[in-house]
Amino acid sequence: MSPELQQRVALRAGEQAGVLTPADLADLGCTRTDVRTTLRRGTWTQICHGAIAPTAVTDDPQLAALQLAAAVLLRDEAVPLRAGDARLVGVLDVAARVLQLSLVGRVRHDVALTDRFVDPRTDIRCAAVPDRQVVLAHGVAVTSPARTAIDLGRAYGLLRGVIAADQALRGGALPAELHEAAATCKGWRGAPVGRDVASMARNDSESPLESVGRTQIALAGLAVPKGQVTLVHRGRFLGRVDHLWEDLRLVGEADGKGKYGRIEDLHAEKQRHDGIVDAGYDIVRYGWGEAWVRPGLLLAKVRAAMARAERVGRLAA
């Protein structure tokens, strides 16, 4: 990377909390080789999926927290619906290009945020937060995962809230914390949705897609499946499935983008699928298009599979 290019990169990074996305680098004229070289040399570090920043770690924990939040906010990936990408407790990236960062305490006026950082995708609100709903992350006081999930549900809808709440439960939060956070917001905008988030959240979904699929099924009044169930048939391990309706011998699989990134993964999944079917189970598969965009397609698949299971059961009887 030439000195002139290094200077342009440094100037752009300085404008946006020290964070650069692949789109930024391409716009500046950086090649993939340039990026790989800087990462290999340790000059820059990938701080989360789709964003890099200077390796030097600041001594200011609040600035470090803002940098991580900026990375999540600015990255240009298509559907960043993975809470695990935001390694800061209280920042759950659960909606494409939507971020709510809850910082508790006095607002820092000496941290410059450019217009590109403070934009319509940023939602800043002031509210009283009980001490028990505040935790420290990177030395910064932020809302707890449970409180953040409830706030996201109130602000952005049930599905996004359940995604965050499921992740919070898997991370160690208790259901009582969700219900308490929802009760704290009684009378606030979106409070009924917050209560629904607390009631519908579970700790047996390993991905946002599974959370969305299960929630759509519940909203339709259908039997809610168990999540992440290990199947064994005649002593042989068949696999761990995303959803299971045990009485119907029906399996649900959430096929998110990237789940089968290699040809070997597809081959292994085909063998797994065949083993489950040979053991007498039916399988319903769905993706983001069905669960999020056109949930009617998902529900039609599930209803048809349930009807098949009931017919097979009656014939067997």
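The values are calculated or read from the model by the stated rules, or taken from the named source; none is laboratory data. In this text the structure is predicted, and so the values were computed from the model without any measurement. Methodologically, a virtual Cβ is constructed for each residue, glycine included, from the backbone with ideal geometry; neighbour enumeration extends over all protein chains shown. Note: areas computed on protein heavy atoms with side chains; ligands, DNA, RNA excluded. Shrake-Rupley method; radii C 1.70, N 1.55, O 1.52, S 1.80 Å.
Across segment 2-33, what is the number of residues that are touching a Gly at 6+ places or on another chain (Cβ under 9 Å) and assigned to a loop (DSSP other than H, G, I, E, B)?
So the answer is 1.
On the given criteria, is Arg303 outside any helix (DSSP H, G or I), basic (Lys, Arg), under 28 Å from Leu159 (Cβ atoms) and under 28 Å from the mean Cα position of the chain (by Cα)?
When the stated conditions are applied, Arg303 does not pass them.
Restricting to segment 206-238, name every residue that is small (Gly, Ala, Ser), modelled with pLDDT under 95 and either part of a helix (DSSP H, G or I) or under 20 Å from the mean Cα position of the chain (by Cα) (or both).
Ser207
Which residues, counting only those in segment 155-183, are of a type outside the set (A, V, I, L, M) and open to solvent by less than 40 Å² (accessible area, probe 1.4 Å)?
Scanning segment 155-183 gives Gly157, Gly161, Asp166.
Here are Gly256, Gly289, Gly275, Gly261: which of them is open to solvent by less than 50 Å² (accessible area, probe 1.4 Å), more than 18 Å from Ile163 (Cβ to Cβ) and at pLDDT below 95?
The match here is Gly275.
Taking the options Arg189, Arg195, Arg170, name whichever one is over 17 Å from Asp131 (Cα atoms) and under 14 Å from the mean Cα position of the chain (by Cα).
Among Arg189, Arg195, Arg170, only Arg170 is over 17 Å from Asp131 (Cα atoms) and under 14 Å from the mean Cα position of the chain (by Cα).
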